[in-house]
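The values are calculated or read from the model by the stated rules, or taken from the named source; none is laboratory data. What you are looking at is a predicted structure, and each value in this text was computed from that prediction instead of being measured. Cβ atoms come from the backbone with ideal geometry, glycine included; neighbour counts cover every protein chain shown. These accessible areas exclude ligands, DNA and RNA; they are computed on the full protein's heavy atoms, side chains included. Shrake-Rupley method; radii C 1.70, N 1.55, O 1.52, S 1.80 Å.
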Amino acid sequence: MTAVPLQPPRRLVPFTLDGTETRVPEGSTILDACRSAGTDIPTLCQGDTLTPKNACRVCVVEVEGARTLAPACSRRAEEGMTVLTDTERVRHSRKVVLELLASSTDLSTTPRAAEWIKEYEAKPGRFGADAARVDEQPKIDNDLYVRDYDKCILCYKCVDACGEQWQNTFAIAVAGRGFDARVSTEHDAPLTDSACVFCGNCIEVCPTGALSFSTEFGMRAAGTWDEPAQTRTTTVCAYCGVGCNVTLHVQENEIVKVTSPHDNPVTHGNLCIKGRFGFQHVQNRD
C-alpha cells in the first residue's frame, strides 16, 4: 500500500472575487479560487502537474489597484485582494490573445478553443489567411507518436515535462527566436536519433494536440476518431511492481491511447514507455 503523506491544514485567505467575499486555502491561485467558485476561466498553457509558465495569457484577470492584468494560473490569492474576471478590459485581452493564437496556429484539436473564440467574439481571420503560419508537415519519425507543430502554441509544457520538472531527459527545447521559435530536438534530429526515451509525458501535457499518439493521429486523419464514444478504464500497469495507474481509452473494443490520472500519488500523470505505449499486445490477435 502506498503511504500518502497528509499535509498540515492551511490558513484560509479572504478576498473578493467578482463582488463576492470568498476564502481559499493559503497558496491557492486565483484560478484555483475561480474553479472552486464555479467561475469558468479559459486556460491553455496551465497544467495541474507543472509549474505555471504564464505563456498563453488567456487566463488573465483584473486585480483592483494593479497596473496590468494578472495571469490567474500563477497569481496567488492574497488577503484583501479584489479580483474581477469578466470586465471589458479582461474580455478584450482574451479576445486578442485568442485571435493571435488562432491566426498563427491550428487550434482545431484544442479542447474548447472554438467555444472560447465564439464566446469572446475573436476574429482570427482579420490578420489574413497566411498570418505567421508555421506551415510544416507533421513529423512522423517513429511508430509511437507524431509531432504536428502547426498546432503548437509554444506553451513550453512539453519542454518542462521532458526536462527538469519530470523526466530530466532534456530531449527537446525551444530553438530559434521570434516567429522562428519552435520546439525542437537538438539540431532538429529525428526523435529516434535524439535523447528521447519515448515516455510520452510530453503528450500527456500538450494542450493542443500538437503531440499525439500515432493511433490518434491516424484515426483523426481517417475521420474515425470519436472521443465521445470512447470509454475510459483506470487500472494498474502490469509491467513492473511500481503500481502506476493507467487509464485505457477504448474505442470499438480497441485501446487507442493510454494516459494516467494526474492526481495519482505514484505517477502524477507520468508513465514510462511501457506503460504509455506497450498496450498493443493486449489486442494482438496473431
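Residue-wise HN-Hα couplings along the stretch 7-15, as the Karplus relation 6.51 cos²θ - 1.76 cosθ + 1.60 with θ = phi - 60° gives them from phi, are 8, x, x, 9, 5, 8, 9, x, 7 Hz; Gly and Pro carry x. Rolling a 1.4 angstrom probe over the protein heavy atoms with all chains in place gives the chain an accessible area of 55 Å² per residue. Taking θ as phi - 60° and the Karplus parameters 6.51, -1.76 and 1.60, the scalar couplings of the stretch 269-274 work out to x, 9, 9, 9, 4, 5 Hz in sequence order, x denoting glycine and proline.
Need the full-extension length gain, Thr87 to Asp141, defined as separation in residues times 0.36 nm minus the C-alpha distance. One decimal, nm.
Working: separation 54, 0.36 × 54 = 19.44 nm, distance 4.60 nm.
Extra length available between Thr87 and Asp141 comes to 14.8 nm.
Element breakdown for the chain at a 1.4 angstrom probe: carbon and sulfur atoms account for 51% of the accessible area. With Cα extents along the principal axes in Å in mind, check [x] 82, 48, 35; [y] 71, 60, 36; [z] 65, 55, 38 and report the label derived from this structure. Matching entry in [x] 82, 48, 35; [y] 71, 60, 36; [z] 65, 55, 38: [z].
The phi torsions of the stretch 248-262, fed into the Karplus equation with coefficients 6.51, -1.76 and 1.60 and a -60° offset, translate into couplings of 8, 9, 10, 10, 6, 6, 10, 6, 9, 6, 10, 10, 9, x, 6 Hz, rounded to whole numbers, with Gly and Pro shown as x.
Electrostatic tally near Ala173: other residues with Cβ closer than 12 Å to its Cβ, Lys and Arg +1, Asp and Glu -1, net -3.
Using DSSP to define loop residues, name the trypsin sites (Lys or Arg not before Pro) in the stretch 142-187 whose beta-carbon has at most 14 other beta-carbon atoms within 10 Å. Can you show the working numbers first?
Details: sites: Arg147, Lys151, Lys157, Arg177, Arg182; in loops: Arg177.
Listed in order of number, the matching sites are Arg177.
Taking amide H atoms as placed 1.01 Å from N in the peptide plane, the amide H of Val246 lies under 5 Å from those of Thr235, Val236, Cys237, each 5 or more residues away in sequence or on another chain. Remark on Val60: its backbone amide H falls under 5 Å from those of Ala72, a criterion applied only to residues 5 or more positions apart or on other chains, H modelled at 1.01 Å from N. For the chain, the longest principal axis of the C-alpha atoms and the axis of helix 88-104 are separated by about 30°. Sites listed here are trypsin sites (Lys or Arg not before Pro) in the stretch 48-79 whose DSSP assignment is loop and whose Cβ has at most 13 other Cβ atoms within 10 Å: Arg67. Each Cα pair under 8 Å and six or more residues apart adds its sequence gap; the mean of these over the residue count of the stretch 136-286 is a relative contact order of 19 percent.
Would you please put 195-204, 115-124 in order of how densely packed they are, using the mean number of other Cβ atoms within 10 angstrom per residue and starting with the highest? Don't jump to the answer; show the numbers that get you there.
Details: 195-204: 21.6, 115-124: 15.9.
Ranked from most to least packed, the peptides come out as 195-204, 115-124.
Think of it as helices only: each DSSP H run of n ≥ 4 in the chain is worth -39500 (n - 2.57), and spread over all residues that comes to -5500 deg cm²/dmol at 222 nm. Projecting label points 7 angstrom from Cα along Cα→Cβ for Arg126 and Tyr239 puts them 4.9 nm apart.
Give me the net charge of Glu119's neighbourhood, meaning all other residues with Cβ under 11 Å from the Cβ of Glu119; Lys, Arg count +1, Asp, Glu -1.
Values: positive: Arg91, Arg94, Lys95, Arg112, Lys118; negative: Asp40, Asp86, Glu115, Glu121.
With Lys, Arg at +1 and Asp, Glu at -1, the net is +1.
Cut-off under 30 Å on the C-alpha distance; same-chain residues fewer than 8 positions from Lys139 excluded. Which lysines are left, in chain and number order? Here the lysines satisfying the reach criterion relative to Lys139 are Lys53, Lys123, Lys151, Lys157, Lys257, Lys274.
Using the Cβ of Ser184 as centre and a radius below 12 Å, the other residues enclosed give a net charge of -1, where K and R count +1 and D and E count -1.
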